[in-house]
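Report on one structure; see the data block that follows.
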Amino acid sequence: MTNQAGQAASAQRLAEIQQELPGFAIVAKRQSWLSRAIHGCLCVLTLGGQRRYLTDFHTVIGRTLFVADSWQTLPDVERVILLLHERVHLRQGRRLTFVGMALVYLLPFFPVGLAYGRARLEWEAYTETLRGTAAFKGLAAARALRPSIVRRFCSADYGWMWPFPVTVNRWYDRVIAQIEAEIDDAHPRTIDGKRENS
């Protein structure tokens, strides 16, 4: 995808989100006292394991996307994929309400470790990350995300929300298989095994 096309796609996604969810805003974490406070709490709760909340992790709270330092240098295609992920969280917030989203994200079963509610929300969002990656960068790129995404679920990145790599890898396998099936449905194979319109 060319840079111009990426910019157009990124702008289109932002426009779609703003139309779907009035009040949507993007705020830099460095400019948010709340984000800075969360960063400090995470450093303590994870015993220093999560120190990149302000620099590398983007967060939806309500209808605001709090962006990390890396947002400024993120390639446009990566922004598109990120926005697909975060739009899932925005829709979850609309469906569950602000309070409901917070309760699901933090409580079942524990705020740190075995955070099943958080894992369910993130599984849904990372499914869209993988689908977007396959669409914009190819299926091989989606497959290559496995180590980093599994680490997100099993490490201090998200407070050890579901520290069972076997379970996370099984989820990953199911999502990749689903995406492969969607690609096959969109581009059926001919008798010689080649894809049509490829």
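Where a number appears in this text, it was derived from the coordinates with a stated rule and is not lab data. All values derive from a computational prediction rather than experimental measurement. Backbone-built Cβ (ideal geometry, glycine too); neighbour counts: all protein chains shown.
Arranged from fewest to most other beta-carbon atoms within 10 Å of their beta carbon, Leu34, Leu121 become Leu34, Leu121. Across segment 1-106, Cα-Cα pairs more than 18 Å apart make up 53 percent of the total. Applying a length cut-off of 27 Å (Cα extent along the axis) and a mean Kyte-Doolittle floor of -1.0 to the DSSP H helices of the chain leaves 76-106, 116-137, 165-186. Once backbone amide H atoms are built at 1.01 Å from N, Ile26 has Leu65 as its partners under 5 Å, excluding neighbours fewer than 5 places away on the same chain. Inter-label distance, Glu180 to Thr55: 3.7 nm, where each label sits 7 Å from its Cα along the C-beta direction.
Calculated on C-alpha atoms, the gyration radius of segment 107-198 divided by its Kirkwood radius gives an Rg/Rh of 1.10.
The relative contact order of the chain comes to 16 percent, based on Cα pairs under 8 Å that sit 6 or more residues apart. Whole-Hz Karplus values for segment 53-64 come out as 4, 7, 9, 10, 10, 9, 9, 9, 10, x, 10, 10 Hz, taken residue by residue from phi with 6.51 cos²θ - 1.76 cosθ + 1.60 and θ = phi - 60°; glycine and proline positions read x.
For the chain, the mean residue ellipticity at 222 nm estimated from helices alone is -20500 deg cm²/dmol, where every DSSP H run of n ≥ 4 contributes -39500 (n - 2.57) and the total is divided by all residues, rounded to the nearest 500. Segment 115-182 and segment 32-95 have Cα centres lying 17 Å from one another. Calculated from the alpha-carbon coordinates, the chain shows an Rg and a Dmax of 17.7, 60 Å respectively.
Extents of segment 75-135, largest first, come to 35, 23, 16 Å (Cα atoms, principal axes, whole angstrom).
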